[in-house]
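Structure record follows, encoded as structure tokens.
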Amino acid sequence: MYAGLQELGVANGEDLKETLTNCTEPLKAIEQFQTENGVLLPSLQYALPFLDLHGTPRLEFHQSVFDELREKLLERVSAIALEGKVEERYKKLEDLLEKSFSLVKMPSIQPVVMCVMKHLPKVPEKKLKLVMADKDLYKACAVEVKRQIWQDNQALFGDEVSPLLKQYILEKENILFSNDISFLQNFFSPSPKTRRQGEVVQKLTQMIGKNVKLYDMVLQFLRTLFLRTRNVHYCTLRAELLMSLHDLEISEICTVDPCHKFTWCLDACIREKFVDNKRARELQGFLDGVKKGQEQVLGDLSMILCDPFAINTLALSTIRHLQDLVGQDTLPRESPDLLLLLRMLSLGQGAWDMIDSQVFKEPKMEAELITRFLPLLMSFVVDDHTFTVDQKLPSEEKGPIPYPSTIPEAFTKFLQENRIACEIGLYYILHITKQRNKNAFLRLLPALVETFSDLAFSDIFLHLLTGNLTLLSDEFALEEFCTSLFDGFFLTACSRKENVHRHVLRLLLHLHHKVAPAKLESLQKALEPTKQSGDAVKELYNQLSEKLELRKPSPAEVTETPSMELPLPTVPTPASR
């Protein structure tokens, strides 16, 4: 409590204790101690007895004077940090820190010392080491001081950042597995600016400040974790962090990050959920502008493009372009905008391989993707248009055209072997589901059982699919639809992939009332958790079981209800005349 006072020649409690122990007249000793160490203001000597008459303890008076002086001192330190020439103000603060640092462990004085350190752009290394070595001091110091400690202590900075990164990933997963299923509000609904206001992004932004070294450290942590886990949410955080610093106009960092302008342009596209012609030209300019010897920047650009929000925007734009090309009778290879979207999708999907191999080169686009797969998708769009037009014709003009039920073998093969084709194919299926196109959905659904790296069973796709399936809720009453969806798709992976199990239970929690009772009963048996199932699956299953139990008719309702008919009273007939 009194740490450091003796070094400054100020008497403390220990001095008073020693004085009282060795004196013969304690009252005189106390009076002398008060005179020597009290507030040296002559007029105050007459005012103190007046406070005594009002029963105000001397401790309360001195404490209030002390608190007032401390506030004035804190204000003065903040003022010094802004006035005069840079060298002069920092010299004053350094001198003040030298005189006061010995009191840093004294709780009442500590805020002043910490305030002085906060305003110094470079705290002496010796003092930083003393702060770092003491847990309480380290915890109490301002983030401006911690930045100076962190920039030379990567392990310590990593310990501070690690819980935030874990929290970020958990938040993303919680959204994907949320029980609130809707096609209107999904994982991709929040705008980029809204997402950047999240707690983790804001904390990391504050921790980094304008320190380029700390920013580089965070990027290195994100690259390492992305390589270790393949979790694409780290790519999202990479982009969000840069744009958060952009929002605050931290030019010290934005000007040195070669991805800044590209990310800024892409951020605008994500906001609109579409890449228009003008922005497409800008993005292409950035990619074409990567000079020889600077290819390493492709690693960071690929990570920015691997962000699920970027992939979502590029895939949605691709589907929209394909629909436009059908109306224009134009082939995919003749559309520069479409080719650019594919180029960026390819770069984003190849991010992990590029960073892992350290071979910074754009992945080569397979010609068959453009010449065979995309025309195949366009043929599906034509099939839909043809069938829709045929259904609208008068009955006498209708041709016997059933909806195509077979899938071209090439389509299934592309979904299994080509990552870009698989991504676009999955987004096309999401598109037709959102359009309530049951025929097209049931036609293409079997192709999802086996896809490239099981992308059809990824959390993001299943989150979007379950949301879109709410638009087809009435179809769940049909045996054929449920058999195709559950038995033919979901249940093929439930036993080996717990995330699929969770998504199916989420869907049934939302739509169980639409499913036929017999089918619901068989699904309940099929989805029963095993001993190896995680707590999340068990909890969802219990919730579903409770809901189904509530739907069962109670025994009272099943028993025969008494007849409500009442006997008619006999009415006497009028006497005949």
> Share of Cα-Cα pairs in the range 196-257 beyond 14 Å, in percent?
Replying inline: 53 percent
> Cα axis of helix 44-53 to longest principal axis of the chain: angle in degrees, 0 to 90, nearest 10?
Replying inline: 70 degrees
>> If I stretch the segment between residue 513 and residue 361 completely, what's the gain in nm (0.36 nm per residue apart, minus their alpha carbon distance), one decimal?
In response: 49.5 nm
>> Given a 1.4 angstrom probe, what's the average accessible area per residue across the chain, in square angstrom?
In response: 56 Å²
>> To test your reading of the geometry: what angle, between 0 and 90 degrees and rounded to tens, separates the Cα axis of helix 199-208 from the longest principal axis of the chain?
In response: 40 degrees
> With contacts defined as alpha carbon pairs under 8 Å and 6 or more residues apart, what's the relative contact order of the range 79-149 in percent?
Replying inline: 26 percent
> Using 0.36 nm per residue, how much length does the chain from residue 19 to residue 170 gain when fully extended, once their Cα-Cα distance is taken away?
Replying inline: 48.3 nm
> Can you list the HN-Hα couplings for the range 226-240, worked out from phi with the Karplus curve (6.51, -1.76, 1.60; θ = phi - 60°), rounded to whole Hz and with x for Gly and Pro?
Replying inline: 5, 5, 6, 10, 6, 7, 6, 5, 5, 5, 4, 5, 4, 6, 4
> Taking every pair of alpha-carbon atoms in the range 1-141, what share in percent sits in each 10 Å bin, from 0 to the bin with the longest distance?
Replying inline: 10, 31, 31, 19, 9, 1
> Rg to Rh for the range 142-285: what is it, with Cα atoms only and Rh by Kirkwood?
Replying inline: 0.98
> Across the range 468-485, in residue order, what do the Karplus-derived ³J(HN,Hα) couplings come to in whole Hz, using 6.51 cos²θ - 1.76 cosθ + 1.60 with θ = phi - 60° and x for Gly and Pro?
Replying inline: 5, 5, 5, 6, 9, 4, 5, 6, 5, 6, 8, 4, 4, 5, 5, 4, 4, 6
> What is the distance in Å between the Cα centres of the range 124-152 and the range 262-295?
Replying inline: 40 Å
> Of the heavy-atom accessible surface of the chain (probe 1.4 angstrom), what whole percent is carbon and sulfur?
Replying inline: 54 percent
> Cysteines of the chain lacking any other cysteine beta carbon under 4.7 Å?
Replying inline: 23, 115, 141, 254, 259, 265, 269, 422, 482, 494
> Where a Cα-Cα gap under 28 Å defines reach, which lysines qualify for residue 364, not counting those fewer than 8 residues away within the same chain?
Replying inline: 261, 273, 278, 291, 292, 413
> Relative contact order, percent, of the chain when contacts are C-alpha pairs under 8 Å separated by at least 6 residues?
Replying inline: 9 percent
> Based on the Cβ-Cβ distance from residue 393 to residue 524, what FRET efficiency comes out when R0 is 45 Å, to the nearest 0.05?
Replying inline: 0.55
> Can you give the extra length, in nm with one decimal, that the chain gains between residue 39 and residue 478 once fully stretched, where that is 0.36 nm per residue apart less the Cα-Cα distance?
Replying inline: 149.1 nm
>> Under a crude label model (7 Å from the Cα following the beta-carbon direction), how far is residue 551 from residue 385 in nanometres?
In response: 4.1 nm
>> If I take R0 = 30 Å and measure r between the Cβ atoms of residue 413 and residue 276 in this structure, what FRET efficiency does the formula 1/(1 + (r/R0)^6) give, to the nearest 0.05?
In response: 0.35
> Which ³J(HN,Hα) values in Hz, rounded to whole numbers, follow from the phi angles of the range 486-499 under the Karplus curve 6.51 cos²θ - 1.76 cosθ + 1.60, where θ = phi - 60° and Gly and Pro get x?
Replying inline: 7, 5, x, 10, 4, 5, 5, 10, 4, 6, 9, 10, 5, 4
> Do you know the relative contact order of the range 1-144, to the nearest whole percent, from alpha carbon pairs under 8 angstrom that are 6+ apart?
Replying inline: 24 percent
> Got a sec? Charge dipole of the range 219-263, +1 on Cβ for Lys and Arg, -1 for Asp and Glu; which of 246, 227, 256 is way out at the positive end?
Replying inline: 227
> Using unit Cβ charges (K, R positive; D, E negative) and no other charged atoms, how large, in debye to the nearest 20, is the dipole of the chain about its Cα centre?
Replying inline: 540 debye
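The values are calculated or read from the model by the stated rules, or taken from the named source; none is laboratory data. Predicted model only: the values in this text are computed from it and were never measured. Positions of Cβ are generated from backbone atoms using ideal geometry, with glycine treated the same way; all protein chains shown enter the neighbour counts. Note: areas computed on protein heavy atoms with side chains; ligands, DNA, RNA excluded. Shrake-Rupley method; radii C 1.70, N 1.55, O 1.52, S 1.80 Å.
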